[in-house]
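The values are calculated or read from the model by the stated rules, or taken from the named source; none is laboratory data. If you're wondering where the values come from, they're calculated on a predicted model, not measured in any experiment. Counting neighbours? That spans all protein chains shown, and the Cβs are built from the backbone with ideal geometry, glycine included.
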Amino acid sequence: MDAGGTTTRALVTTLTGERRGEARSGGANPNTHGPERAAEQLTEAIGTALDRSGTGAREAVAATIVGLAGVSGLREEAVRARMDRAMTKAGLTPSAVRFIGDDVVAFASGTPERDGTILIAGTGAIATRIEGRRRARSADGMGWLIGDEGSAFWIGHQAARETARQLGIGGELSPLARSIAKRVIPGQRPNGPDHLPEEHARNFARTLTAGPPIALAEFAPLVTEAHHQGDAAAQVIVNAAAGHLAQSVHQVRVPGERSPVVLAGGVLARSAPVRQSLTHKLTLGTASPVLGAGCTAGGAAWVAALWAGADEHDARLHTAFTVPT
């Protein structure tokens with residue numbers, strides 16, 4: 001399972017990577033959603049995937065890996081007990097289930113190597129050093145209020161600030177500011193002598209403030225679109241985002257290191273400008289391979305297969321598990 005903050009993906013395979021059953025549910029990060037809700041999502045996803053795998057699937061399970069966002073929450077005995085009950089309810093034996101970080105399975109989805117770095121840039125952003133398929137140390141991942149630089153939230157926040165700046169000045173908006181203003185305050189214009197441009201900008205800001213802060217992440221795709229149109233502000237935001245993400249990666253690596261860097265998360269999967277700028281920064285003066293993540297639930301299944309005795313040096317086997325579907 002790849003249990004993230006937004007989506008939980010469950011995958012049942014044979015020990016050779018043949019897919020038997022798949023299912024999805026909502027986010028299962030116990031730190032974000034609370035242990036009760038997180039447990040319900042785990043039970044739903046894995047229970048449905050096992051149901052779709054055919055008669056006798058539960059009895060045939062050799063190993064289970066759950067890559068869990070917020071896995072640190074399992075240090076609390078009550079939270080771990082609730083997760084174990086979720087496994088039991090889904091038809092599994094808790095002692096045969098291992099919980100690891102979702103960053104570990106994301107790394108495993110991109111490479112069969114034991115050591116390297118995983119950078120996840122989605123709604124949030126974190127870089128983690130992997131040693132022996134375990135977390136060693138990480139950078140950022142501090143949440144939207146004080147960190148997650150280069151994430152979808154960070155990109156969206158910068159775009160919103162630029163839009164407010166342009167609205168306050170008045171005049172023609174750039175493609176980026178126009179697309180965001182149209183989404184937030186559609187149809188509104190600073191008309192009349194009493195409606196100054198700065199008041200228009202404040203109305204924009206008030207509208208955003210009334211909603212959940214994390215919703216700013218929804219502006220990230222608009223930055224990519226504006227970048228393709230040659231919007232200067234979008235180009236600055238994209239380059240800055242790539243710079244922050246590269247800095248997080250460098251924080252967990254040593255000079256001259258050549259182990260692989262795996263890129264995962266919605267920003268790096270869907271924003272070619274950010275990914276290309278980041279890749280350039282990461283490969284400048286180094287021979288480290290920069291790889292894209294594969295099927296993350298498949299990465300978890302592959303780690304489970306290793307636990308059950310599969311050959312970690314079989315590259316074709318790794319591909320069978322992790323090729324994106």
Criterion first (out of contact with any Phe, Trp or Tyr (no Cβ under 7 Å at 6 or more places or on another chain), surrounded by 16 or more Cβ atoms within 10 Å (Cβ to Cβ) and among the hydrophobic types (A, V, I, L, M, F, W, C)) does residue 315 satisfy it? no
Return a yes/no flag: does region 72-87 have any residue that is over 30 Å from residue 290 (Cα atoms), among the hydroxyl-bearing types (Ser, Thr, Tyr) and assigned by TED's automatic domain parsing to the domain that holds residue 318. no
Taking region 277-325 and keeping only residues that are more than 22 Å from residue 49 (Cα to Cα), touching a strand residue (DSSP E or B) at 6+ places or on another chain (Cβ under 9 Å) and not in a loop (DSSP other than H, G, I, E, B), one is left with 278, 279, 282, 283, 290, 291, 292
Checked region 118-173 for anything buried (at least 23 other Cβ atoms within 10 Å of the Cβ) and touching a Pro at 6+ places or on another chain (Cβ under 7 Å); matches are 167
Result of the Cβ filter at 7 Å on region 130-158, keeping first residues that are in the same structural domain as residue 241 (by TED's automatic domain parsing) and acidic (Asp, Glu) and partners that are part of a helix (DSSP H, G or I) and modelled with pLDDT of 90 or more, at least 6 apart or interchain, is 140/248; 148/154; 149/244
For region 12-27, state whether one or more residues are surrounded by fewer than 19 Cβ atoms within 10 Å (Cβ to Cβ), free of Cβ contacts under 8 Å to residues at least 24 places away in the same chain, in contact with a strand residue (DSSP E or B) (Cβ under 6 Å, 6 or more places away or on another chain) and not small (Gly, Ala, Ser).
yes
### Message
Against the definition (at pLDDT 95 or above and either over 19 Å from residue 302 (Cα atoms) or assigned by TED's automatic domain parsing to the domain that holds residue 41 (or both)), how does residue 101 come out, yes or no?
### Response
no
Checked 288, 271, 259, 277 against criteria (of a type outside the set (Phe, Trp, Tyr) and buried (at least 23 other Cβ atoms within 10 Å of the Cβ)); the one match is 271
Test: residue in region 272-284 that is modelled with pLDDT under 90, closer than 28 Å to residue 154 by Cα and outside the structural domain of residue 16 (by TED's automatic domain parsing) = yes
Expected single match for assigned to a strand (DSSP E or B), touching a residue at least 12 places away in the same chain (Cβ under 8 Å), surrounded by fewer than 24 Cβ atoms within 10 Å (Cβ to Cβ) and not aliphatic (A, V, I, L, M) among 85, 114, 98, 58 is 98
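Would you confirm whether or not region 206-224 contains a residue that is of a type in the set (S, T, N, Q), surrounded by 12 or more Cβ atoms within 10 Å (Cβ to Cβ) and within 27 Å of residue 283 (Cβ to Cβ)?
Going residue by residue through region 206-224, those that are of a type in the set (S, T, N, Q) are 207, 209, 224.
From the residues that got through so far, the ones that are surrounded by 12 or more Cβ atoms within 10 Å (Cβ to Cβ) too are 207, 224.
Next, from what is left, pick out any that are within 27 Å of residue 283 (Cβ to Cβ): 224.
Taking every residue of region 206-224 in turn, at least one turns out to be of a type in the set (S, T, N, Q), surrounded by 12 or more Cβ atoms within 10 Å (Cβ to Cβ) and within 27 Å of residue 283 (Cβ to Cβ).
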So the helices (runs of 4 or more DSSP H) completely within region 130-240 holding 2 or more residues that are more than 21 Å from residue 275 (Cα to Cα) are 152-169, 175-184, 197-209
